[in-house]
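Trainee: I have a structure I would like to understand better, so I am pasting it below and will then ask my questions one at a time.
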Amino acid sequence: MRIFERLDELYAIGGGQGANRRSGSAGEQRAHDLVSGWLEEAGFEVERDSAANLIGRLRGTRPDLPELWAGSHLDSVPEGGRLDGPLGVLGGLEAVERIGPGERTLAVVAFRGEEVGCIGSRARVAEIGELPGAFVELHIEQGPRLEHAGVPLGVVTAIVGYSRQTVTITGRVGHAGTTPMDNRDDALCEAAERVLAIRNAARAIPEAVATVGVLTVAPGGVNVIPGSVSFTVDVRAPDRGRLDRLLAAIGLETGVGVEPTVMDATVVDAVKAAIASLDVTPLELPSGAGHDAGILAAAGVPSAMLFVRSLNGGVSHSPAEHSSDEDILLAVDALERTLRDLGSV
Ligand SMILES: [Zn+2]
């Protein structure tokens with residue numbers, strides 16, 4: 001089928017293992033050129049804005065109605081997966097083509113540089129062009145929740161917010177051989193207890209996560225009791241209340257970091273209804289990763305995301321990233337129904 005052939009064609013760009021279309025590379029440009037050709041072939045009017053985002057419009061007869069956009073991104077991480085990004089763009093193209101021209105203008109969009117901080121969607125909302133009345137992004141889940149629930153499709157209710165802070169614990173340096181165990185102030189032992197307490201605090205708050213990823217021990221001698229330890233903490237949650245509750249529980253500063261972005265209720269409901277109409281019970285879940293839909297939503301564009309089940313335990317940013325063909329086709333059906341619902345006047 002065409003969508004799978006096109007996914008393969010984009011995946012082959014750059015050669016080597018996995019997807020190789022890094023932001024700003026010849027590979028990303030090649031993907032944009034290919035998709036632009038496919039849009040033109042299908043009769044879409046193609047715009048490249050000043051941030052080089054690609055917008056293909058199927059013009060409606062009523063320019064007074066706000067546009068409805070579907071899309072995602074075409075750049076990848078090095079050795080990335082086949083579906084992260086292109087699925088949302090090609091799924092949007094399939095869905096909009098099936099719907100065909102009507103009263104409202106429908107568009108398929110490919111944003112630049114999502115993997116390097118959503119530079120294309122950030123530029124678009126900053127100043128450079130008009131924004132749609134609503135945006136729907138189809139994306140692979142990149143996590144195991146749909147697979148664990150045995151559900152092929154989900155709807156994203158929020159993009160998690162996060163705070164990254166550093167904790168420093170000070171103890172007392174001493175000789176590893178001559179300092180008795182009951183006369184030590186070992187900073188690493190204290191840090192170990194803190195790290196486990198952070199894990200337990202996160203487990204107690206639904207949908208919240210916390211990770212200690214970097215730990216630096218000083219002075220760092222094999223025969224020296226650690227005198228100081230610093231470690232990073234990455235805390236994420238789908239709303240500010242839970243984020244701050246977790247930050248407070250682990251003794252970190254509250255009210256800081258990147259705000260969570262709650263998806264628009266009307267667009268979320270349209271995605272849910274579309275999934276339900278395919279006899280699937282939609283799973284509602286937050287996205288632990290950032291996406292272009294989060295940037296548009298934060299800028300006030302009513303937005304939501306449709307997630308398709310990741311297999312292989314939810315691995316992503318890897319050639320092992322995978323969804324079944326059957327789930328992908330179901331997702332395109334759900335996207336089509338969502339756009340029909342939101343686009344109806
Ligand atoms: Zn992505």
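No lab work stands behind these numbers, since they all come straight from the coordinates. Just so it is clear, the model here is predicted, and its values are computed rather than measured. Virtual Cβ from ideal backbone geometry, glycine too; neighbours counted across all protein chains shown.
Trainee: What distance in nm separates the two pseudo spin-label positions at residue 326 and residue 240, each 7 Å out from Cα along the beta-carbon direction?
Mentor: Roughly 4.4 nm, to one decimal.
Trainee: Along its principal axes, what span do the Cα atoms of the range 238-329 show, with the longest given first and each in whole Å?
Mentor: On the principal axes, the range 238-329 reaches 46, 33, 22 Å in Cα extent.
Trainee: What's the ranking of 178-184, 47-53, 91-97 by average number of surrounding C-beta atoms within 10 Å, highest first?
Mentor: 91-97, 47-53, 178-184
Trainee: I need to check one value: relative contact order of the range 166-249, counting alpha carbon pairs closer than 8 Å and at least 6 residues apart, in percent.
Mentor: Across the range 166-249, relative contact order equals 38 percent.
Trainee: Could you tell me whether the range 1-58 comes out rounded, prolate or oblate from its Cα gyration tensor? Rule is a ≥ b ≥ c as square roots of the eigenvalues, rounded for a/c under 1.5, then prolate if a/b exceeds b/c, otherwise oblate.
Mentor: Because a/c hits 1.5 or more and a/b fails to exceed b/c, the range 1-58 counts as oblate.
Trainee: Give me the distance between the Cα centres of the range 262-330 and the range 195-244, rounded to whole Å.
Mentor: 29
Trainee: Using Stokes-Einstein with the Kirkwood hydrodynamic radius over Cα pairs, what translational diffusion coefficient do you get for the chain at 37 °C and a viscosity of 0.692 mPa s, in µm²/s rounded to a whole number?
Mentor: 152
Trainee: Once every Cα of the range 166-249 carries one equal point scatterer and solvent is ignored, give the base-10 log of I(q)/I(0) from the Debye formula at q = 0.15 Å⁻¹, two decimals.
Mentor: Debye curve over Cα of the range 166-249, log10 I(q)/I(0) at q = 0.15 Å⁻¹: -0.59.
Trainee: Turning to a different aspect of this structure: Relative contact order of the chain: what whole-number percent is it, with Cα pairs under 8 angstrom and at least 6 residues apart?
Mentor: 23
Trainee: If you take the charge dipole of the chain about its Cα centre, with +1 on Lys and Arg Cβ and -1 on Asp and Glu Cβ, which of 313, 178, 289 is farthest toward its positive end?
Mentor: Result: 178.
Trainee: Charges only on Cβ, +1 for Lys and Arg, -1 for Asp and Glu: so what's the dipole of the range 166-249 about the Cα centre, in debye to the nearest 20?
Mentor: With only Lys, Arg, Asp and Glu charged at Cβ, the dipole is about 200 debye.
Trainee: Continuing with the same structure: At 0.36 nm per residue, minus the direct Cα-Cα distance, what do residue 65 and residue 5 gain on full extension? Give it in nm, one decimal, please.
Mentor: 18.2 nm
Trainee: Of 169, 159, 295, which has the largest mean-square fluctuation in a 10 Å C-alpha GNM of the chain?
Mentor: Ranking 169, 159, 295 by mean-square fluctuation puts 169 first.
Trainee: In addition: If R0 is 22 Å, what FRET efficiency do you get for residue 29 and residue 50 from their C-beta distance, rounded to 0.05?
Mentor: 0.90
Trainee: Follow-up. Arrange the peptides 37-44, 65-72, 105-112 so that the one whose residues have, on average, the most other Cβ atoms within 10 Å appears first.
Mentor: Top of the packing list down: 105-112, 65-72, 37-44.
Trainee: I'd like the distance between the alpha-carbon centres of the range 134-191 and the range 1-33, rounded to an integer number of Å.
Mentor: Centre-to-centre distance over Cα atoms comes out at 33 Å.
Trainee: Follow-up. Counting only helical runs of four or more DSSP H residues, what would the 222 nm mean residue ellipticity of the chain come to if each run contributes -39,500 (n - 2.57) and the total is spread over all its residues?
Mentor: -10500 deg cm²/dmol, from helical runs alone.
Trainee: Students often check this: by mean Cβ neighbours within 10 Å, which of 187-196, 264-273 ranks highest, and how do the rest follow?
Mentor: Descending mean neighbour count gives 264-273, 187-196.
Trainee: Continuing with this model, one more query. Report, to two decimal places, the Cα Rg of the range 111-258 normalised by 2.2 N^0.38 Å (N = number of residues).
Mentor: 1.44
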